[in-house]
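Just below is one structure, and these are the notes that go with it.
The values are calculated or read from the model by the stated rules, or taken from the named source; none is laboratory data. Note that the structure is a prediction, hence the values are computed from the model and not measured. No Cβ is skipped: glycine too gets one built from the backbone with ideal geometry, and neighbour counts run over all protein chains shown. We work out accessible area using only protein heavy atoms, side chains counted, and drop any ligands, DNA or RNA first. Shrake-Rupley method; radii C 1.70, N 1.55, O 1.52, S 1.80 Å.
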Amino acid sequence: MAERLSLSLTLSPSTPAPTTMAAFSTTASSRILPSATAASRARLSFSSSLKCLRSSPLVSNLFLNQKRSPMVRVSERGLSSTASPKCAAAADPDQLKSAREDIKKLLDSSFCHPILVRLGWHDAGTYNKNIQEWPQRGGANGSLRFEIELKHAANAGLVNALKLLQPIKEKYSGVTYADLFQLASATAVEEAGGPKIPMKYGRVDVTGPEQCPEEGRLPDAGPPSPADHLRNVFYRMGLNDKEIVALSGAHTLGRSRPERSGWGKPETKYTKEGPGAPGGQSWTVKWLKFDNSYFKDIKERRDEDLLVLPTDAVIFEDPSFKVFAEKYAEDQDAFFKDYAEAHAKLSNLGAKFEPPEGIVINDGPSEPAPEKFVAAKYSSGKKELSETMKQKIRAEYEAVGGSPDKPLPTNYFLNIIIVIGVLAILSSLFGN
């Protein structure tokens, strides 16, 4: 697969519109989750990213190659179409599949993989496991589309990701923002050569900016005690040390720009020619490919042109983190397996699903996730069956054509044979 990723959103060198390139050059952070500690610098970057939105109430005119569409406005109410109602319902499976194909085309043309990954992570990464109520607990609920949350320092530049996805959202009104953010994030990883992520969909959107989480739930890149900081943030989400290290491996993609995030060199031998806008400092030599080279390069630290943040270095310094970092540096398959599981878990944090079991999409027809087996539907007895017996009964029932949703099909030939047999027995008895 062609190398085409960058953690700062860039456009193809062949993109003809210089004003478009200038707009996208304002992407404010090249890291996926950590934000720069220089909050004021990030806010300035965000202000420049949002300037185009404030200059006109019509956001739709700013989208790339966008056809005339229903009016889209941005305010404290977020990005929304006046031609469609607020999106708080579950996603449509067929539209999800079509949206995924459109996202793939977008990735092929715009090199926006990293900012789409970051968008999904930042929407989900506000989750607090200690809060039970939805949406106060944060998480993957589409709240990041509202201006009040976009203004958080850690989210500087993500307005550009919203502008890229908004035409897809308008095209597929049956897909919620919460699902679209996570669909784009997972698809970006997979299209970059990463693992297949076991995603499910059906997330419900929040409906107003008053439901956005407070600022400060996302991690920093250079805190005084990196290990403690990472654990405080990720443990609050319900993630563990293995998942922290696995998710850190996504820094195998992209680069950091000092003028946007406060970290990295203006240019290195690996980034001076792009693709897209040149410059910045990458974590890896082949920074456009999703693999385990992040762990190898961080471990060796032989090249001054490769970026190592405090939160990167600590995964080989902290004894618990180091166990997993060493493993992933040696075994890419193990990294891919753990990363896919951690990414899927992160994408579900705090989400409310409709239907509750979620929707799984694949290369075939879209289907709801498998229904939980309830023995009471198939037995009049009050005693609960073991799981093994439940599965055996269900398998035998489905093997002869039954299912939880329909009775067994009628076998007319068998019924005729039974009737003839009964009549023969009766005739014999009466004849005797």
Residue list for the stretch 162-191, restricted to those being under 13 Å from the mean Cα position of the chain (by Cα), open to solvent by less than 10 Å² (accessible area, probe 1.4 Å) and closer than 20 Å to Glu215 by Cβ:
Ala178, Phe181
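Could you check how many residues of the stretch 296-327 are under 16 Å from Leu230 (Cβ atoms) and either open to solvent by 40 Å² or more (accessible area, probe 1.4 Å) or touching a helix residue (DSSP H, G or I) at 6+ places or on another chain (Cβ under 6 Å) (or both)? If you could, list the steps in order and put the result at the bottom.
Step one: of the stretch 296-327, the residues under 16 Å from Leu230 (Cβ atoms) are 298, 308-325.
The next check asks that each one be either open to solvent by 40 Å² or more (accessible area, probe 1.4 Å) or touching a helix residue (DSSP H, G or I) at 6+ places or on another chain (Cβ under 6 Å) (or both); those that pass are 298, 308, 310-312, 314-325.
Qualifying residue count, the stretch 296-327: 17.
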Hey, Trp283 hits all of (1) farther than 26 Å from Asn155 by Cα; (2) surrounded by 16 or more Cβ atoms within 10 Å (Cβ to Cβ) but one; which does it fall short on?
(1)
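Sort through Gly174, Gly194 and tell me the only one that's out of contact with any helix residue (DSSP H, G or I) (no Cβ under 6 Å at 6 or more places or on another chain) and either touching a residue at least 60 places away in the same chain (Cβ under 8 Å) or of a type in the set (Asp, Glu) (or both). Break it down into steps so the answer makes sense when it comes.
On the way: Gly174 fails: out of contact with any helix residue (DSSP H, G or I) (no Cβ under 6 Å at 6 or more places or on another chain).
Just one listed residue meets the conditions, Gly194.
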Go through the stretch 212-240 and give me each residue that's touching a helix residue (DSSP H, G or I) at 6+ places or on another chain (Cβ under 6 Å) and surrounded by 19 or more Cβ atoms within 10 Å (Cβ to Cβ).
Cys212, Pro219, Ala221, Pro226, Ala227, Leu230, Phe234
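With respect to Phe335, is the statement that it is touching a residue at least 60 places away in the same chain (Cβ under 8 Å) and touching a Lys or Arg at 6+ places or on another chain (Cβ under 9 Å) true? Quick ask: steps written out before the conclusion?
Values: touching a residue at least 60 places away in the same chain (Cβ under 8 Å): yes; touching a Lys or Arg at 6+ places or on another chain (Cβ under 9 Å): yes.
For Phe335, the condition - touching a residue at least 60 places away in the same chain (Cβ under 8 Å) and touching a Lys or Arg at 6+ places or on another chain (Cβ under 9 Å) - is met.
Being modelled with pLDDT under 75, hydroxyl-bearing (Ser, Thr, Tyr) and more than 30 Å from Val204 (Cβ to Cβ) narrows it down to one residue among Ser380, Ser427, Ser366, Ser403; which is it?
Details: Ser427 fails: modelled with pLDDT under 75; Ser366 fails: more than 30 Å from Val204 (Cβ to Cβ); Ser403 fails: more than 30 Å from Val204 (Cβ to Cβ).
Checking each option against the conditions leaves just Ser380.
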Within the stretch 347-361, can one find any residue that is closer than 21 Å to Gly193 by Cβ and modelled with pLDDT under 95?
yes
For the stretch 319-335, does any single residue satisfy the condition of being touching a Gly at 6+ places or on another chain (Cβ under 9 Å), over 16 Å from Tyr270 (Cα atoms) and polar (S, T, N, Q)?
no
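To keep it simple, each residue is scored yes or no on (1) touching a Leu at 6+ places or on another chain (Cβ under 9 Å); (2) part of a helix (DSSP H, G or I); (3) on the phi > 0 side of the Ramachandran plot.
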site: Leu183; (1), (2), (3): yes, yes, no
site: Glu190; (1), (2), (3): no, yes, no
site: Gly194; (1), (2), (3): yes, no, no
site: Met199; (1), (2), (3): yes, no, no
site: Glu214; (1), (2), (3): no, no, no
site: Arg217; (1), (2), (3): no, no, no
site: Val245; (1), (2), (3): no, yes, no
site: Lys265; (1), (2), (3): yes, no, no
Can you say whether Ser248 is under 20 Å from Phe336 (Cα atoms), in contact (Cβ under 8 Å) with a residue 60 or more places away in the chain and buried (at least 20 other Cβ atoms within 10 Å of the Cβ), as far as the supplied structure shows?
yes
